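Contents: one structure, followed by commentary.
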Amino acid sequence: MAVCSVIFTMTAYASTPGWWTSRGAVNPALGTNNYAVVTQGQLKRFTQKAVQEMNTNLPGGAGSDLNGIVSNWIAQYTTNGYNATNLLPADSQAMTVGQVKYIANKVYSKLIPLNYAVSYPWLNTNTTDSQLATVSQLKTVFDFDLSAPKLAQNLTVTLSGTSAFLSWSDPSSVTTYTLQQSTDGGLTWTDVGTISGALTTNTVTGLTLGGDYQFRLIANGASSSSPPSLSEGPPAITLTAPTGATLVP
C-alpha cells in the first residue's frame, strides 16, 4: 500500500516593503551592515516608522501599546532637546534578541489576527534572548507589507486518485495566485501554476503514489504579494489505489 502525504506549510515572508523607503525606516547614519549589532536607535526608528505605517493602513491602527511606546520615546527627545542628528546617548547601546522580540510581539499581535502575517517571525532558532540581535534580524521582524493582499483563508485539500483539489477563501484585491509545490519537505519550492485572482479552487494532477507533497498559495496584488497561506489542518492521505483515497486521522 503506497502513501502520498499532502501537507501545507508556511515560510517567512522575505521582501523589502515600500514603506521602508517612503517613511525612511532605514537610516544610513545608523548603519546598514546586516551583520552588525542592532542599536537602540535603530530599533526605535524602525518601530516608529512601522507604527506610522500601521496607523495609516491597518484597521484599528497599531494599538495603544505601540503608540504609547513611541510617544514616550518622542517625549524623551523633545524634553531633552535631542533629535535625529543629536541622538540620545542610549541610542548607541546594543540591543538583545529579547528586546527586539518584545517589540515584534506587539507588532505581530496586530498583524496576525487581520491576516497580514502567518505567524510571529522568530529571529533565529539558534539564539537566546540574551544574545545580541543583528540588523538582519531587525529587518526580518519589520518585513511586513500592508499594501499586499491579505492571506488566502480556509485553505483545504482533498484527494481523488492521484490529483489534489485545493480550495480557499478569496481575501480580495488579488490579481493572481501563485501555487508552489515542494517534494523535499519544504527545502525547495517550485511554481506549479498561476491561478486567476477570481478563482478560489484549483486541481493539481499527476501526483505520484508514495510521494510526499507540500503546497503553498501566495496571493499577488498589483505590486506586492502576501505571505504563503497556511492550511487549517495538515491531513495525511493514504492512497490504496490510483482511483481512491482515505483520510487518515
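The values are calculated or read from the model by the stated rules, or taken from the named source; none is laboratory data. Quick caveat, the model's predicted, so the values are computed rather than measured. For neighbour counting, all protein chains shown are included, and Cβ atoms are generated from backbone atoms with ideal geometry for every residue, glycine included.
Structure summary
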read-out	value
Flag if S92 is at pLDDT below 90 and closer than 28 Å to D129 by Cα	yes
Residue count for the stretch 53-68, restricted to those that are in a helix (DSSP H, G or I) and within 16 Å of D143 (Cα to Cα)	3
Residue, nearest to S173 (Cα to Cα), within the stretch 82-106, restricted to residues that are of a type in the set (A, V, I, L, M) and in contact with a Leu (Cβ under 7 Å, 6 or more places away or on another chain)	I103
Positions within the stretch 110-145 being without any contact (Cβ under 8 Å) to a residue 24 or more places away in the chain and either surrounded by 20 or more Cβ atoms within 10 Å (Cβ to Cβ) or closer than 24 Å to S224 by Cβ (or both), in sequence order	I112, P113, Y120, W122
Among residues of the stretch 159-181, those that are assigned to a strand (DSSP E or B) and in contact (Cβ under 8 Å) with a residue 60 or more places away in the chain, counted	4
Whichever residue in the stretch 153-189 is at pLDDT 80 or above and buried (at least 20 other Cβ atoms within 10 Å of the Cβ) and, among such residues, is farthest from the chain's Cα centre (by Cα)	A164
Verdict on K101 being crowded, with 16+ Cβ neighbours inside 10 Å and at pLDDT 85 or above	yes
Qualifying positions in the stretch 146-158 - out of contact with any helix residue (DSSP H, G or I) (no Cβ under 8 Å at 6 or more places or on another chain) and either farther than 12 Å from P227 by Cα or part of a loop (DSSP other than H, G, I, E, B) (or both)	A148, P149, K150, L151, A152, N154, L155, T156, V157, T158
